1. Counting heavy atoms of the protein chains only and a 1.4 Å probe, report the per residue accessible area for the chain as a whole number of Å².
2. In the range 94-136, what is the volume of the convex hull around the alpha carbon atoms, normalised per residue and reported in Å³?
3. Run the simple label-point estimate for MET1 and LEU83 please: 7 Å along Cα→C-beta, distance reported in nm.
4. Of all chymotrypsin sites (Phe, Trp or Tyr not before Pro) in the range 41-136, which ones are in loop regions per DSSP and have a Cβ with at most 13 other Cβ atoms within 10 Å?
5. Which ³J(HN,Hα) values, rounded to whole Hz and listed in residue order, are derived for the range 80-88 from phi using the Karplus coefficients 6.51, -1.76 and 1.60 in 6.51 cos²θ - 1.76 cosθ + 1.60 with θ = phi - 60°, glycine and proline given as x?
6. Please report the relative contact order for the chain, taking Cα pairs under 8 Å with a sequence separation of at least 6, and give it as a percent rounded to a whole number.
7. Report the full-extension gain for the segment THR41 to HIS55: residue separation times 0.36 nm, less the Cα-Cα distance, to one decimal in nm.
8. Can you give me the % of accessible surface on the range 34-136 that is carbon or sulfur? Probe 1.4 Å, all protein chains present, nothing else counted.
Amino acid sequence: MRMEPLTEQDRALIDTAMDALKRNFDDGVFYHTVGAAIRCTNGHVYAGVNCDGIHGSCAEFIAIGAAITAGERQFDAITAVHLKAHNNLVPPCGNCRQMLFEYCPDIRVILNGPDGSPVKVPLKELLPLAYVEVKE
């Protein structure tokens, strides 16, 4: 697996996700327990928190939705955080991996590497043999 060290921009992205989470964290009801931030190739950053419920949405969906709503279409990196996770980093769930593959297959994801230290990896390496829509 290709793993890149984090840059200052990457650490700032983690800080943005943590800020969104800390402002909205709900440890009792669990509506808002994960924060995410996505950086566009132009440097703009958008954040979100998960919205739990009957048909909840992950923080990554909320963050990319905010970016797309603002007209963004080119993405560089994304991260998700939880206050109680190792290094506060959590990997995207399977549903988020597929969504990211469909919207930005070349994005890199910031998460904990095999040795527990933060790294950045290409999304495609987190979702081998991804579902690709067959177009006829």
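The values are calculated or read from the model by the stated rules, or taken from the named source; none is laboratory data. Predicted model, so just to flag it, every value in this text is computed and none were measured. Here the Cβ is made from the backbone with ideal geometry for all residues, glycine too, and neighbour counts use every protein chain on show. Accessible surface areas use protein heavy atoms only, side chains included; no ligands, DNA or RNA. Shrake-Rupley method; radii C 1.70, N 1.55, O 1.52, S 1.80 Å.
1. Details: 7570 Å² over 136 residues.
Using a 1.4 Å probe on heavy atoms only, each residue of the chain averages 56 Å².
2. Details: hull volume 3.1 nm³, N = 43.
Once divided by residue count, the hull of the range 94-136 is 71 Å³.
3. Here the answer is 2.8 nm between the modelled labels.
4. Numbers: sites: TYR46, PHE61, PHE75, PHE101, TYR103, TYR131; in loops: TYR131.
Those that pass, being in a loop and sparsely packed, are TYR131.
5. 10, 9, 9, 4, 9, 8, 4, 6, 6
6. On the way: 276 pairs, mean separation 31.2, N = 136.
Rounded, it is 23 percent for the chain.
7. On the way: separation 14, 0.36 × 14 = 5.04 nm, distance 3.06 nm.
Contour length minus the Cα-Cα distance gives 2.0 nm.
8. Numbers: 2910 of 5280 Å².
The nonpolar share, carbon plus sulfur, comes to 55 percent.
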